[in-house]
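Written out below as structure tokens is the structure these notes cover.
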Amino acid sequence: MATPVITLNKLTKYYGKTRGILDLSFSVEEGEIFGFIGPNGAGKSTTIRTLLSLIYPTSGSAAIFGLDIIKDRVKILQDVGYLPSEVFYYDSMRVRELLRYSASFYKKTKNMEECERRMHELCELLELDINRKIEDLSYGNRKKVGIVQGMLHSPKLLILDEPTGGLDPLMQARFFELIRREREKGVTVLFSSHILSEVQNLCDRVAIIRDGQLVQVDSISALRENTYKRVYAEAEGEIPAGYFDGDGITAAEIQGNSATFLFSGNINDLLSKLASLSLTNLIIEEPDLEELFMHYYR
Ligand code: ADP
């Protein structure tokens, strides 16, 4: 099998006594869009900043392109595009100047004409005016500058920390389209977010992180299909309280003759339980990730 693009091996980071991340192990394969999901404070930025060697791990190790993140940092960064969760710039610069300046960091390994071409293409796609001064840009437009900056040297790996904050829905859709196009070219993407609905449509696999620790790594389809179903049932008569308490059922709510709950387990057990009621309506669907997420955090 090909070497994963990113491998974390018990990666741990403490800020003094404060836990940042603890024993994180997972890998991201070439060409996938990998979602890194968790609420604020879970440790997403800490993981990303450690991977980029902006901060150093307390213990454990990680590799990008099979190279050690600390020892081979300079080499790795030539082929990584990074969008930090908060972007800060020299306010008096124009977008064009800033982007050319960023591109110049890659002049030893990349073709500058190609970077320039990419800059124009990306700015056009995101409707970003390269002649504007940074200080005149809205938060969303600054974010776009960060996106272009992270992509103009055509990196093999994109690491995006909460990339969509501040983008309006139209731009968000365009940005996702851009990410998909990059993936088609073979680019690998690690994408952090606390908004699951974003990830659900974009990512192949996700890692869920909570309190600095990994809760689960799975494909989006496995997360949705193999874990929980949302069931909504209506019966002819009143459903007795507690009727749906039992194995595999969570979050049951019964109101008169209707009930809703999450189910995980053997679907035949569910059907026989439902068969004892005289139903007038039944809906079984895949819950969205937001709902599953609530479950993991309960
Ligand atoms: P996320 O990106 O998921 O919101 P962070 O990685 O920013 O989470 O934070 C993880 C934990 O590490 C939090 O408890 C946070 O308070 C702590 N933390 C992050 N950065 C620092 C820092 N520079 N100094 C001390 N603690 C920090």
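The values are calculated or read from the model by the stated rules, or taken from the named source; none is laboratory data. Given the structure is predicted, the values throughout are model-derived calculations rather than measurements. Note that we place each Cβ from the backbone using ideal geometry, even for glycine, and neighbour counts take in every protein chain shown.
Couple of notes before you dig in:
- Within the range 191-298, strands (runs of 3 or more DSSP E) holding 1 or more residues that are closer than 30 Å to Ile21 by Cβ and not aromatic (Phe, Trp, Tyr): 205-210, 213-219, 249-255, 258-263
- If only residues of the range 79-116 that are β-branched (Val, Ile, Thr) and at pLDDT 90 or above are counted, the one that is surrounded by the fewest Cβ atoms within 10 Å (Cβ to Cβ) is Val80.
- Residues (surrounded by fewer than 19 Cβ atoms within 10 Å (Cβ to Cβ) and among the polar types (S, T, N, Q)) located in the range 185-199: Ser197
- With respect to the conditions (1) part of a loop (DSSP other than H, G, I, E, B); (2) more than 9 Å from the ligand (Cβ to nearest atom); (3) touching a residue at least 24 places away in the same chain (Cβ under 8 Å); (4) closer than 28 Å to Leu152 by Cα, Pro57 falls short on a single one, namely (4).
- Sub-6 Å Cβ pairs linking a first residue in the range 11-30 that is at pLDDT 95 or above and of a type in the set (A, V, I, L, M) to a second residue that is near the ligand (Cβ under 10 Å from one of its atoms) and not in a strand (DSSP E or B), at least 6 apart or interchain, are Ile21/Gly43; Ile21/Thr46; Ile21/Thr47; Ile21/Gly212; Leu22/Gly212, ordered by first then second residue.
- When residues of the range 207-222 are limited to those that are more than 13 Å from the chain's Cα centre (by Cα) and small (Gly, Ala, Ser), the one surrounded by the most Cβ atoms within 10 Å (Cβ to Cβ): Gly212
- Residue, surrounded by the fewest Cβ atoms within 10 Å (Cβ to Cβ), within the range 117-159, restricted to residues that are touching a strand residue (DSSP E or B) at 6+ places or on another chain (Cβ under 9 Å), of a type outside the set (S, T, N, Q) and assigned to a loop (DSSP other than H, G, I, E, B): Arg132
- Residue under evaluation Gly165, criteria (1) on the phi > 0 side of the Ramachandran plot; (2) within 16 Å of the ligand (Cβ to nearest atom), criterion not met: (1)
- Close Cβ contacts (under 6 Å, 6 or more residues apart or on different chains) running from residues in the range 102-114 that are in contact (Cβ under 8 Å) with a residue 12 or more places away in the chain to residues that are in a loop (DSSP other than H, G, I, E, B) and among the hydrophobic types (A, V, I, L, M, F, W, C) comprise Ala103/Leu152.
- Matching option when the condition is assigned to a helix (DSSP H, G or I), away from the ligand (no atom under 16 Å from the Cβ) and either free of Cβ contacts under 8 Å to residues at least 40 places away in the same chain or surrounded by 14 or more Cβ atoms within 10 Å (Cβ to Cβ) (or both), among Ile76, Ile48: Ile76
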